[in-house]
Amino acid sequence: MGLGPRSPNKAGRRFPAGGKRGRGAKGSGRPRPGRQRPSSSPPDGSSEPALDAHSHLSSEALGYFRRALSALKEAPETGEERELMVHNVLKEVEAQALALATHRTGSEIMQELLGFSPLKPLCRVWAALRSSLRSVACHRCGVHVLQSALLQLPRLLGSPAQEEEEDLEEEENGKDGPLETLEELVLGLASEVCDDFPFYCGDIHASFVVRTLLQVLGGTLLESERTRHRGSQSPDAQRVPARECKRTDFEVPETFLNCLQDLSSCFLKDIAVFITDKISSFCLQVALQVLHRKLPQFCAHVCSAVISYLSSRNPSADGSPLLLFLRDQTSSRLLEQVLLVLEPLRLQSLFEDHFQGQLQALAAHPIANFPLQRLLDAVTTPELLSPVFEELSPALEAVLAQGHPGVVIALVGACRRVGAHQAQVLQLLLEAFHCAEPSSRQVACVPLFATLMAYEVYYGLLEEEGAVPAEHQVDVATARALGDVTVLGSLLLQHLLHFSSPGIILQSLCALTGPQLLTLAQSPAGSHVLDAVLSSPSVTRKQRRRVLKTLKGQYVALACSRHGSRVLDAIWSGAALGARKEIATELGERNQELMRDPFGHHVARNVALTTFLKRREAWEQQQGAVAKRRRALNSILE
């Protein structure tokens, strides 16, 4: 399936790397971060509740909590003394909970202290903040304290009450009434949020609490949300969420899942707000991800409601009304998430009703190309891939030239996943990068794909329109250093190496010189191409050895590189005893240089280089035993 004759603007083309997502990148069509709209007001028109006049944190109290946190970090992880220290510190936290939570430094200390908290002290601190929930949730520091409290649930939910606390609890219950359980506190928070759902979802700070609450109710912590929460903290405070989020999924009581469905039902009451408002839309996107894992039927119901609403708005004669929302900055993000969670049959129906016939126009749009990428990411059946491929394939070079290579990578990824149209899409890529004809140019495809440059641009050729393309010059190719490897170019090569027949890519890799392959392995993005060579089931052992033998003589440079050392570790893990001897021999010639390098030092330890140099026979026995265990494991797995 060809792209037809060359147009005048195709020669010498350098493909743009593509707009970056969500950072206000040039040509991305996405807004720049930092333009935060004011927090929504309560529906009754009243102003946001003011913080308690006594919520000031003195410098003496701040110093105490800072010293207490430092002492807890240095104390042994277990023991009666530590438990008493934690109990006493958290009693002080409870007494000044509001002041700590709304203080910039105090809130960061409080988040770390909550990471040490047992069940009952956490419940007491939570109860102390509950009376000022709206103020804390809408505070730029307090919101992160509430998030940290919620993120303790995977660690504490269902943990037994400590016997040592029971007597103390009875004494306190006589003073302040019975202490609510952690489950009751979470359900109470959900009830308060549900009562004023549009406000909490629309507030730029409180919306974080809603998103974390949805994940906790579903027993699923999403990596993107956890990363976002970590990014909002100081370097020291970032250590705490890592402990909070050891598990992605955790068990929750049935009441949590029922509450999750009730809370998610609130989206349907004001669906127009959650589709069009930038802040509120994030909450609905998180809800869809959680519902997809835990309540798939209700997730399908919410998706149908979103699609039905958008399909009924702004009818136009030139296509589906949904196409207008695919070009909108806010609603397009929501539609991306909808596409990723739809069931295959519903996705097929959505494509036929709204997308078919419009794919090339969407691929060219600065915003709509992102939902199109998610559609391609969601393709899992040949029935859907075939019409999509037929419509998009003639425009691959045009899409690359428009700066949207993500669409092309997503299409190649769909071909890899489904196992169809692989030879066709590879041929189209060779044509788009001007290395299909003459056939001698095909050996240069890896540098072109990796750098997203057409053949003429990469090698600095000037070819007139209509002229016969020049043959590939091997001496010119070997003399040129490898260009900068792009992230998307690396992803493209990784997909192609997992095709059922990656022969052309492997031949191009074998044609690289040692320094060129070394540059690829040392590149942050390019190193993953070597990972694909080592892990792809389509690459035979013989083909793998042929590619990697070019690195002989480059092992020390690999070992002393941040990314190259990781590649060398992977090569070592899969190498036979003979290959390991070659690697160790080469590394041993420059042992002192390796030991002085921070990365080379770890490689030398992994290779057991000291043992190799001083006790060769013992080293060979050790490596032989490792190889034997690996063969036994592989036979079991097979």
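Observations, loosely collected:
- Percent carbon-and-sulfur accessible area, region 395-495, ignoring ligands, DNA and RNA, probe 1.4 Å: 57 percent
- Using a simple spin-label model with pseudo-atoms 7 Å out from Cα toward Cβ, A71 and E589 lie 6.0 nm apart.
- Per the Debye formula on identical point scatterers at the alpha carbon atoms of region 589-637, with no solvent, log10 I(q)/I(0) at q = 0.13, 0.16, 0.19 Å⁻¹ is -0.40, -0.56, -0.69.
- Positive-pole candidate from L558, L548, S535, dipole of region 479-562, charges at beta carbon: L548
- Note on R596 and T513: the extension gain reaches 27.1 nm, defined as 0.36 nm multiplied by sequence separation minus the Cα-Cα distance.
- Taking region 281-430 and dividing mean pair separation by its residue count, relative contact order in percent (alpha carbons under 8 Å, at least six apart): 20 percent
- Cα convex hull, region 59-166: 98 Å³ per residue, rounded to a whole number.
- Across region 310-376, Cα-Cα pairs more than 16 Å apart make up 41 percent of the total.
- With a threshold of 29 Å on the Cα-Cα distance, the over-threshold entries among K552/K614; K549/K628; K120/K269; K120/K278 are K120/K269; K120/K278.
- Packing-based order for 506-519, 596-609, 136-149, 536-549, using average beta carbon neighbours within 10 Å, highest first: 136-149, 506-519, 596-609, 536-549
- Taking only Cα atoms of region 379-472, radius of gyration then Dmax in Å: 14.2, 43
- Separation of region 471-489 and region 356-380, taken as the distance between their Cα centroids, equals 31 angstrom.
- At R0 = 56 Å, FRET efficiency that the Cβ-Cβ distance of E343 and Y64 yields, to 0.05: 0.50
- Tensor-based shape of region 428-475 (alpha-carbon gyration tensor, a/c under 1.5 rounded, otherwise prolate or oblate): rounded
- Part-to-part distance (alpha-carbon centres) for region 286-305 and region 90-141, which is given in Å: 32 Å
- Heavy-atom accessible surface of region 256-328: percent carbon and sulfur, 1.4 Å: 52 percent
- Separation in nanometres of the label points that stand 7 Å from Cα toward Cβ, at L156 and T380: 3.7 nm
- Per residue solvent-accessible surface (Å²) - region 551-605, probe of 1.4 Å: 48 Å²
- Among residues other than D569 with Cβ under 13 Å from its Cβ, the summed charge is +3 (Lys and Arg +1, Asp and Glu -1).
- Isotropically averaged projected area of region 490-638, using the convex hull of Cα atoms (one quarter of hull area), nm²: 8.7 nm²
- Given their separation in residues at 0.36 nm each and the Cα-Cα distance between them, S304 and R616 gain 105.6 nm when the chain is fully extended.
- The Kirkwood radius of region 445-553, taken over pairs of alpha-carbon atoms, gives through the Stokes-Einstein law at 25 °C and 0.890 mPa s a diffusion coefficient of 170 µm² s⁻¹.
- Sulfur and carbon atoms: percent of accessible area, region 345-388 [1.4 Å]: 51 percent
The values are calculated or read from the model by the stated rules, or taken from the named source; none is laboratory data. If you're wondering where the values come from, they're calculated on a predicted model, not measured in any experiment. FYI the Cβ positions are ideal-geometry reconstructions off the backbone, even for glycines, and counts take in every protein chain you see. To get the accessible areas, we keep the full protein, side chains included, count just its heavy atoms, and leave off ligands, DNA and RNA. Shrake-Rupley method; radii C 1.70, N 1.55, O 1.52, S 1.80 Å.
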